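Presented below is the structure to which this report refers.
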Amino acid sequence: MTANRRHFVEELNNLNYKVLEMGEETLKSYVRLILVCKTKDLDLAEQIMEQDKLINELEVSINVDAYLLIAKQCPVASDLRRIITALKISNELERIADYTVNIAKYMIATKNNNDQFLENITSLSTIFMDMLKRIMEAFEKEDVKLALEVNSADEILDKEYKKTVKNLIKTAKTSSDEEIEEAMRVLIVLKQIERAGDHVTNIAENIVYLVNGKRVELN
Amino acid sequence: MENTVFTINNLNLYYDQFQALYGIDMKIKRNEVTALIGPSGCGKSTFLRCLNRMNDLIEGCNITGEVKFNEKDVYMNSYDVINLRTKVGMVFQKPNPFPMSIYDNIAYGPRCQGIKDKKVLDDIVKKSLTKAALYDEVQDRIKGSAMSLSGGQQQRLCIARAIAMEPEVILMDEPTSALDPIATLKIEELINDLKKNYTIIIVTHSMQQAARISDKTAFFLMGVLIENDSTNKIFTQPKNKKTEDYITGRFG
């Protein structure tokens, strides 16, 4: 007995693997970012940019596969949702990875190796990495409960970010104009990781859509 | 082995005064599925039948140009047509099993070729049915009548019968148009599996079928080959406006 649409199912599975691979590679970018903070080695920051090229290529590849599947296979129901979800999640991951590039560029340009700054990046990235890891696990297992749990963790990241902002404002009050300007830049840099957390929320929404076919607004 | 199975050069075909094909140039690669699409009367089935000289049987049919199979022009006077049709098998629109047992349907061709050894024939029958994804379904009634099989099974039997002759190419003329959607999907899966060992050229009225199963797609219109490219290209970025209009359902 020939199983129906076996080749199509294989292609769908491959698309899923690519999204998971993209998640892994994006996670590696944040690992590198933390390493840059710990070692103050700017060569590692350059590697983040190289890593991003790979992530962008994966996104393009997922887009091409998804478009071809839609054009050639006429997907419907859960098959269609799976393809749409792959497209959307890959787009979120690409943005998430871009933030590490922005931070790396800032580090290379300013050679900012202020311990407090590096510590802030590390602590926010650590919280974020845990979120990213678990949201990709939720995607792989199609686990809505886990996706919603991870979404709640975004509050922890937001709180940590706000705490950091408050501390920066406190410092800025007694600082020179130049130091205030620098603090503003640091604020923008740290905001990138906070934004990455929002993209995880978007991924959670897509997992709910994939599994239940329902559109939810979690953010 | 040469990568190109068929090379068609400036092929023109006439049914008496009526010209059905105009200057077709095309190459067909080994172990690929090539789909021929186009509206009714566009010449796709006529073209398919040129490849194993099935048009020879039609009175008033005249052909000019070249159809090279493995680099030899099949329209040369000295060409062995029987051997051509062994190497280039064909499956038709309507399943047409012989009114005999499943076993005898498959063994018919090899027997005609002089194979008498029962063990060899048993082996051919089993292998052919397995390759056609039919063996598991019929193994306990292999000596039963082929006419008792469902339409989809009969069509897979016809594919098994073609495979038994160890062809290089299998031509399929709308092989699923008489089948229900599930039987159709089974044949499509089978085509995907078969391309590892065979070159398949299929005429289909279903554009979605062409998109799903083929590597290359050739679009015919009024006897002219309008566009021939990878299926990925044809269904995402066709070069010719006529192809785009046809596949998007704007005409046809």
Exercise. Say each of B:R30 and A:L54 gets a label point 7 Å from the Cα, pointing the same way as Cα to Cβ; how far apart are those two points in nm?
Worked result: 3.7
For this session: Over region B:1-127, with every protein chain in place, what whole percent of the accessible area is carbon and sulfur at 1.4 Å, could you tell me?
Result: 49
Problem set entry | Per residue accessible area of chain A, 1.4 Å probe, in Å² | 50
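Can you give the local net charge around B:I124? Use residues other than it whose beta-carbon is closer than 14 angstrom to its beta-carbon, Lys and Arg +1, Asp and Glu -1. Intermediate results must be reported in sequence, preceding the final value.
Values: positive: B:R111, B:K116, B:K118, B:K119, B:K126, B:K127, B:K131, B:R161; negative: B:D104, B:D117, B:D122, B:D123, B:E166.
Neighbourhood net charge equals +3.
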Problem set entry | Sorted largest first, extent of region B:1-135 alpha carbons per principal axis (Å) | 49, 34, 28
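Which value, in Å³ per residue, describes the convex hull spanned by the Cα atoms of the protein assembly as shown?
Working: hull volume 92.3 nm³, N = 471.
Output value, Cα hull per residue: 196 Å³.
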For this session: Select from B:T176, B:T184, B:T34 the residue whose mean-square fluctuation is largest in a Gaussian network model of chain B (Cα-Cα springs shorter than 10 Å).
Result: B:T184
Seminar exercise, completed: In the structure shown, of A:K40/A:K173; B:K44/B:K239; A:K105/A:K170; A:K133/B:K216; B:K94/B:K195; B:K44/B:K241, the pairs separated by more than 31 angstrom at the C-alpha atoms are A:K133/B:K216
Exercise. At B:D180 and A:T122, where each label point lies 7 Å from the Cα along Cα→Cβ, what is the point-to-point distance in nanometres?
Worked result: 6.7
Exercise. Mind checking how much accessible area A and B bury in total, 1.4 Å probe, in Å² rounded to 100?
Worked result: 1400
For this session: Evaluate the distance, in nm, between pseudo-label points positioned 7 Å from the Cα of B:T64 and of B:M100 along their respective Cα→Cβ axes.
Result: 4.3
Exercise. Which length gain, in nm to one decimal place, applies between A:T39 and A:D177 when the Cα-Cα distance is subtracted from 0.36 nm times their residue separation?
Worked result: 46.8 nm
Problem set entry | Listed residues B:K119, B:K131, B:K87, most fluctuating in chain B (Gaussian network, C-alpha, under 10 Å) | B:K119
Problem set entry | Cα centroid separation - region B:133-187 against region A:128-175, whole Å | 58
Exercise. With the solvent-accessible surface defined on protein heavy atoms using a 1.4 Å probe, which residues belonging to region A:68-89 display a reduction of at least 20 Å² in accessible area in the multichain context relative to the isolated chain?
Worked result: A:L68, A:A71, A:K72, A:Q73, A:C74
Exercise. Which whole-number percent gives the relative contact order of region A:3-212, counting Cα pairs below 8 Å spaced six or more residues apart?
Worked result: 27
Seminar exercise, completed: Test assert for region B:197-229: residues whose accessible surface shrinks by at least 10 Å² between chain alone and all chains, 1.4 Å probe, equal B:Q208, B:A211, B:R212
Problem set entry | Euclidean distance of C-alpha centroids, region B:61-86 and region B:15-59, integer Å | 13
Problem set entry | Listed residues B:P181, B:P167, B:P110, most fluctuating in chain B (Gaussian network, C-alpha, under 10 Å) | B:P181
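Kindly state, to the nearest 0.05, the FRET efficiency for A:N212 paired with A:K191, given R0 = 30 Å and r defined as their beta-carbon distance.
Numbers: r = 32 Å, r/R0 = 1.07.
That pair, A:N212 with A:K191, gives E of 0.40.
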Seminar exercise, completed: Residues from region A:1-50 losing no less than 20 square angstrom of accessible surface in the full protein assembly compared with the chain alone, 1.4 angstrom probe, ligands and nucleic acids excluded, are A:M1, A:T2, A:N4, A:R5, A:R6, A:H7
Exercise. What is the percent of Cα-Cα separations in region A:3-212 that go past 31 Å?
Worked result: 26
Seminar exercise, completed: A chain fully extended from B:E244 to B:K126 at 0.36 nm per residue, minus the present Cα-Cα distance, gains in nm 38.1 nm
Exercise. What is chain B's relative contact order, in percent, from Cα pairs under 8 angstrom and six or more apart in sequence?
Worked result: 28
Problem set entry | Contour minus Cα-Cα distance for B:M222 and B:E2 (0.36 nm per residue) | 76.0 nm
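Calculate the FRET efficiency for B:N9 and A:D158 from the Cβ-Cβ distance with a Förster distance of 45 Å, rounded to the nearest 0.05.
Numbers: r = 69 Å, r/R0 = 1.54.
That gives a FRET efficiency of 0.05.
The values are calculated or read from the model by the stated rules, or taken from the named source; none is laboratory data. Note that this is a predicted model, so its numbers are computed, not measured. Quick reminder, even Gly has a Cβ in these numbers, built from the backbone with ideal geometry, and neighbours come from all protein chains shown. These area figures cover heavy atoms from the full protein model, side chains too; ligands, DNA and RNA do not enter into them. Shrake-Rupley method; radii C 1.70, N 1.55, O 1.52, S 1.80 Å.
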